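In what follows, a structure is listed as structure tokens, so that the remarks can point back to it.
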Amino acid sequence: MAAQYPSQLSHSRRDFIKSVGCLTIAFVLGSGADVLAGESVVADELPESLAKNPRINAWLEVLANGRVRVLTGKTEIGQGIRTAVAQIAAEELNMSMERVEVVLAETGRTPDERYTSGSASIETSGMSIRYAAAAARQQLLGLAARQLRVKASQLRLADGMIRTTDGKRQLSFTQLLKGKQLQGEVKLPVQLKAKSEYQHVGKPVRRDDIERMVRAEPVYVQDLRFPGMVHARVLRPTSYWGKLAKLDTAEMQRQIPGLLKTVVDGSFVGFIAEKECQAKGAQDYGIQHAQWTNGPALPTKQALPELLTTLPAITKRAVNKGDMSSFDATTAGSAPTDASLSARYFKPYLMHASVGPSCAVALFDQEDSLHIWTHSQGVYPLRNTLAALLKMPPERIHVKAVPGSGCYGHNGADDVAADAALLARAYPGRHVRLQWSRDDEHAWEPYGSAMLMQLDARLDSEGSITHWQNNIWSDTHSTRPGGKPESLLAARLLAQPALPTPATEVSSAIYRNGEPLYAIPNQRLDTHYVQGPLRVSALRGLGAFGNVFALESFMDELALQAKQDPWEFRLRHLTDKRAKAVIQRTREMIKNEKLAPGEGFGLGFAQYKNQAAYCAVVAKVHVAEEMGTIRALHLWAAIDAGETINPDGLKNQTEGGMIQASSWTLKEEVLFNEQHITSRQWETYPIFRFDEVPAVTVSIIDRPTEKPLGAGEAAQGPTAAALANAVFQACGKRIRSLPIRPEKLVQIKES
Amino acid sequence: MEAEFTLHVNGQARTVRVDPATPLLYVLRDDLGLNGPKFGCGLQQCGSCMVLLDTIAWPSCQLPVANVQNAAITTLEGLTRPDGSLHPVQQAFVDEQAAQCGYCLNGMVMSAVALLTVHPKPDDQTIRNALFRVLCRCGVHSRALAAIKKAADSMKS
């Protein structure tokens with residue numbers, strides 16, 4: 001369908017439509033009383049999740065009491081998705097938020113939206129629910145028009161009732177549907193409510209789950225209790241590739257009170273007991289008495305940055321723009337000139353480090369069906385994975401998402417669910433609650449990959465970047481199981497072990513944000529995918545964290561070379577107005593801030609994935625070399641996530657993103673020796689404590705007429721670069737290897 | 001060997017039959033069915049399992065049940081008033097929306113309640129020191145600080 005662009009379309013809107021290409025939107029002036037005044041929007045392309053599941057009642061059920069139930073295939077991971085989708089549905093249906101209840105991801109119940117990941121919940125699930133709710137409103141009005149024998153344009157839907165505009169006649173949902181549900185599919189065109197009429201969307205609506213949390217109601221998977229539920233712990237090898245040699249289970253049965261069953265399958269060991277502390281007692285006994293053989297050693301002879309570049313690699317040229325031949329000719333032999341710059345940056349393995357270790361409840365019932373309660377980010381993919389692991393038909397597996405401790409990506413959630421399923425199968429008929437220990441989580445979760453970034457660039461006589469080359473070495477950034485049981489931790493431990501087959505293609509997650517948004521005529525990006533020594537998977541931002549740290553640090557190094565202000569240097573290389581706006585906003589935010597001796601400001605910017613939210617971060621740090629301290633004092637972010645659904649939710653995510661990324665940047669690094677991970681608890685893997693946390697300030701550039709952009713991961717990379725750049729301004733020393741710890745200052749000369 | 005213990009939890013005498021070495025956390029969660037204190041590390045490093053012993057905030061994950069028979073134990077549940085209204089610290093965390101996943105919220109709220117009994121008007125650094133034991137991974141620290149200041153103000157007035 002061809003797009004129509006009426007004359008009132010603004011330039012920015014027109015540019016936007018051009019840039020997204022596939023999305024065509026036409027405006028119509030208010031048609032019908034229901035739409036009220038103002039311009040409503042007719043969308044003619046369905047959001048991805050909705051296109052796969054176009055039935056209205058897959059997303060929305062109309063309840064008898066004038067309420068609606070929204071079904072999302074996404075899960076709550078602390079991002080407030082429950083509230084955001086309720087806002088969206090309440091808006092399109094003109095009802096109060098109290099009338100909307102939300103069902104989170106559950107197989108057989110909600111749409112299959114795969115994983116709650118990639119900052120995509122609003123863009124996919126939220127927009128699907130918006131369209132489904134708008135279609136529901138259209139259908140309800142149509143039904144009412146027929147029942148009341150009036151035109152739909154003479155009807156208005158509000159607060160669970162449909163009334164004629166003269167107010168004389170009304171119908172409740174119950175009278176209208178008579179116990180039936182809305183039928184049919186969301187069909188184009190869908191007429192959306194005029195944004196000028198919004199009551200809920202764009203407002204800082206409170207999350208109702210926070211009150212349930214402070215009241216200590218059962219919110220988390222850890223809080224689930226079922227009649228007859230038993231408790232489990234697992235026992236892990238003493239080395240990363242260790243194998244079980246001996247465990248005297250008969251002796252354990254005599255020694256451990258309450259022990260119901262010990263499950264041993266190869267090197268997978270689990271204990272089931274009546275009470276949780278008894279299961280823990282069994283685990284403690286196993287730690288003391290089980291004997292293991294060591295597997296192959298982990299590589300410790302080479303430093304990790306060096307190791308990454310020497311491992312066998314699959315290389316992909318992800319970007320090749322303009323003409324790099326003159327650049328290659330000069331870099332081949334000659335020494336670097338004033339106009340060229342090279343730098344190498346490193347990001348270590350990082351941990352998700354959830355405060356609550358992973359947990360799951362599993363029940364193998366009398367009908368040979370398996371039920372799982374999990375904080376996994378993907379109930380349908382987990383179901384398929386468990387079906388393959390347990391050789392069961394997926395229809396016999398029911399997976400329900402329940403919130404857990406924040407995960408920030410793919411932590412131990414899927415692994416613990418698989419462990420629980422294996423144990424429940426061995427002990428059918430009772431709910432088995434498996435709680436991982438702190439050590440289980442720290443040592444065995446799939447980490448965020450270590451990365452090395454080599455950047456080379458050239459400036460012209462005006463100080464503009466003419467050539468840019470980026471080489472990235474990294475393992476993959478996602479091994480979410482997605483139906484492949486060998487991705488699960490248990491799979492490598494079983495008597496018939498399975499190991500993931502390394503990917504043969506280079507995942508784009510490695511070079512996420514590896515291409516700068518800056519206008520640079522000649523560019524090359526080579527990605528070298530290597531298999532590192534540790535288990536890895538998706539950690540908030542994936543490759544973007546390391547890549548933005550590197551390229552935004554490098555931008556400051558180039559600005560210095562070009563003798564330009566870091567803000568101006570970025571602005572002159574940008575054409576995207578929204579990108580410029582967030583950078584300019586940060587300058588506004590700090591204009592009254594002063595620097596004391598030892599303090600510095602630093603800027604970092606990225607548009608997440610080069611297509612989601614725009615975010616610029618400024619850090620203010622204090623460096624005291626003689627004291628051996630680097631402190632983040634204050635972080636400011638300006639963020640443009642397009643149409644903001646819930647500004648307080650967006651602020652909360654951005655504040656938290658900056659604080660978490662500061663902890664990653666200044667403190668964190670997963671360490672290992674030949675045998676095993678040595679970062680095993682909070683003393684050996686320290687994260688920010690309250691005395692270290694900077695003040696945070698967030699400014700939102702709301703663009704209600706633009707589409708919403710994923711924002712939950714936008715601050716991670718910019719924060720790292722902002723801190724590195726601020727440390728440089730504070731003390732003249734450039735740290736290119738994360739974490740930015742004070743001891744590294746000693747090894748670096750001032751530039 | 002299991003033995004009987006009478007604990008004073010949230011204003012009530014509760015009798016449990018457990019091994020004397022059982023950490024209080026397990027008794028509170030598994031024998032008494034409470035949700036407030038959470039398992040985080042079992043090493044007294046993260047504060048997720050914080051409870052009040054009389055008026056002091058203390059992690060419950062390594063505290064043998066045999067040692068706390070004489071203390072008045074308060075969990076997050078016990079802060080809510082009998083009429084269902086929230087303690088000012090609980091209310092301030094709701095008002096400031098000081099949570100993301102909320103798993104660490106117990107440790108923050110319990111630590112803050114203990115702090116405000118000895119420091120009714122704490123400054124920023126005093127609050128940070130009082131919450132030093134509590135780890136938060138989502139990064140809601142700045143909101144927690146704001147909530148605790150707000151609670152202090154509301155309790156004073």
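Would you mind working out the magnitude of the charge dipole of the stretch B:88-156 relative to its Cα centre, with +1 at each Lys and Arg C-beta and -1 at each Asp and Glu C-beta, to the nearest 20 Debye?
Working: 8 positive and 5 negative charges, 24 e Å.
It comes to approximately 120 debye.
With one equal scatterer per alpha carbon and no solvent term, the Debye-computed log10 I(q)/I(0) for the stretch B:3-79 at 0.15, 0.16, 0.22, 0.26 1/Å reads -0.41, -0.47, -0.94, -1.36.
Would you grab the residues whose amide H sits under 5 Å from the one on A:LEU459? Only those 5+ places off in sequence or on another chain, please, with H modelled 1.01 Å from N. For A:LEU459, the qualifying residues are A:SER340, A:THR466. Each Cα pair under 8 Å and six or more residues apart adds its separation to the average, and for chain A the resulting relative contact order is 13 percent.
Filter the cross-link list A:LYS74/A:LYS400; A:LYS667/A:LYS744; A:LYS594/A:LYS744; A:LYS347/A:LYS744; A:LYS301/A:LYS749; A:LYS347/A:LYS733 down to pairs whose alpha-carbon distance in this structure exceeds 21 Å.
Details: A:LYS74/A:LYS400 11 Å; A:LYS667/A:LYS744 12 Å; A:LYS594/A:LYS744 27 Å; A:LYS347/A:LYS744 14 Å; A:LYS301/A:LYS749 26 Å; A:LYS347/A:LYS733 18 Å.
As for pairs spanning more than 21 Å Cα to Cα, those are A:LYS594/A:LYS744; A:LYS301/A:LYS749.
Give me A:PHE690, A:PHE545 ranked fewest to most by other Cβ atoms within 10 Å of their Cβ, as a rough exposure proxy. Mind showing how you got there, number by number?
Values: A:PHE690 22, A:PHE545 31.
If I rank by nearby Cβ atoms, fewest first, I get A:PHE690, A:PHE545.
When +1 charges are put on Lys and Arg Cβ atoms and -1 charges on Asp and Glu Cβ atoms, the dipole computed for the stretch A:575-718 relative to its Cα centre reaches about 560 debye. Over the protein assembly as shown, the pair-distance histogram of Cα-Cα distances with 10 Å bins from zero comes to 2, 12, 20, 24, 21, 14, 6, 1, 0 percent, rounded to whole numbers. Across all C-alpha atoms in the stretch A:231-277, the radius of gyration and Dmax reach 11.1, 31 Å. Listed from fewest to most Cβ neighbours within 10 Å, the set A:VAL618, B:VAL94, A:VAL623, A:VAL582 follows the order B:VAL94, A:VAL623, A:VAL582, A:VAL618. Computed from backbone phi with θ = phi - 60° and the Karplus coefficients 6.51, -1.76 and 1.60, the 3J(HN,Hα) list for the stretch A:458-464 is 9, 10, 8, 5, 8, x, 9 Hz; x is used for glycine and proline.
Long hydrophobic helices in chain B, taken as whole DSSP H segments with a C-alpha length of 18 Å or more on their own axis and mean Kyte-Doolittle hydropathy at least -0.5: B:105-118, B:141-156.
Semi-axes of the equivalent ellipsoid of the stretch A:378-434 are 19, 14, 10 Å, computed as sqrt(5λ) over the eigenvalues of the C-alpha gyration tensor in descending order.
Derived scalar couplings between HN and Hα for the stretch A:620-627 equal 10, 10, 10, 10, 10, 4, 5, 8 Hz in order, rounded to whole Hz, by the Karplus curve 6.51 cos²θ - 1.76 cosθ + 1.60 (θ = phi - 60°), x for Gly and Pro. Once the Cβ-Cβ distance of A:ALA581 and A:ASN65 is raised to the sixth power relative to R0 = 51 Å, the FRET efficiency obtained is 0.65. Positive contributions from Lys and Arg (+1) and negative ones from Asp and Glu (-1), summed over other residues with Cβ under 13 Å from the Cβ of A:SER119, come out at +2. With only the Cα atoms considered, the stretch A:445-501 has a convex hull volume of 107 Å³ per residue. Net charge dipole, the protein assembly as shown: roughly 1720 debye, given to the nearest 20, about the Cα centre with Cβ charges of +1 for Lys and Arg and -1 for Asp and Glu. Remark: chain B is approximated by an ellipsoid whose semi-axes, taken from the C-alpha gyration tensor as √(5λ), come to 27, 16, 13 Å, largest first. In terms of surrounding Cβ atoms within a 10 Å radius of their Cβ, A:THR83, A:THR719, A:THR75 rank from fewest to most as A:THR83, A:THR75, A:THR719. Farthest towards the positive end of the charge dipole of chain B, among the residues B:GLN45, B:PRO120, B:LEU145, is the Cα of B:LEU145, using unit charges on the Cβ of Lys, Arg, Asp and Glu. The Cβ shell under 15 Å around A:ALA329 holds other residues with a net charge of -1, Lys and Arg each +1, Asp and Glu each -1.
Around the amide H of A:ASP565, modelled in the peptide plane, lies no amide H under 5 Å away from a residue 5 or more places distant or on another chain.
Here's how it looks for A:LEU60: its modeled amide H is under 5 Å from those of A:LEU71, which are all 5 or more places away or on a different chain.
As a check on your grasp of the helix formula, calculate [θ] at 222 nm for the protein assembly as shown: sum -39500 (n - 2.57) over DSSP H runs of n ≥ 4, divide by the residue count, round to the nearest 500. Show your work: numbers first, answer last.
Details: 26 runs with 268 residues, N = 908.
About -9000 deg cm²/dmol.
Of the two radii for the stretch A:703-751, the radius of gyration is 1.24 times the Kirkwood radius, both from the alpha carbons; that is the Rg over Rh value. Of the residues A:LEU176, A:GLY160, A:ILE122, the one whose Cα sits farthest toward the positive end of the charge dipole of the stretch A:94-179, with +1 on the Cβ of Lys and Arg and -1 on the Cβ of Asp and Glu, is A:LEU176.
Rounded to whole numbers, the Karplus 3J(HN,Hα) couplings from phi for the stretch B:30-44 are 8, 8, 9, x, 8, 10, x, x, 10, 7, x, 9, x, 10, 6 Hz, using 6.51 cos²θ - 1.76 cosθ + 1.60 with θ = phi - 60°, and x at Gly and Pro.
What net charge do the residues around B:ARG81 carry, taking every other residue with its C-beta under 15 Å from that of B:ARG81, with Lys and Arg at +1 and Asp and Glu at -1? Provide the component values of the computation, followed by the final result.
Working: positive: A:ARG215; negative: A:GLU211, B:GLU77, B:ASP83.
Value of the local net charge: -2.
Projecting the Cα positions of A:GLY73, A:ALA362, A:HIS634 onto the charge dipole of the protein assembly as shown (unit charges on Cβ atoms of Lys, Arg, Asp and Glu, taken about the Cα centre) puts A:GLY73 furthest along the positive direction.
Since every read-out is calculated from the coordinates, none of them should be taken as a lab result. Bear in mind that the values here come from a model prediction, so they are computed numbers and not experimental data. Note that each Cβ is placed from the backbone with ideal geometry, even for glycine, and that neighbours are counted across all protein chains shown.
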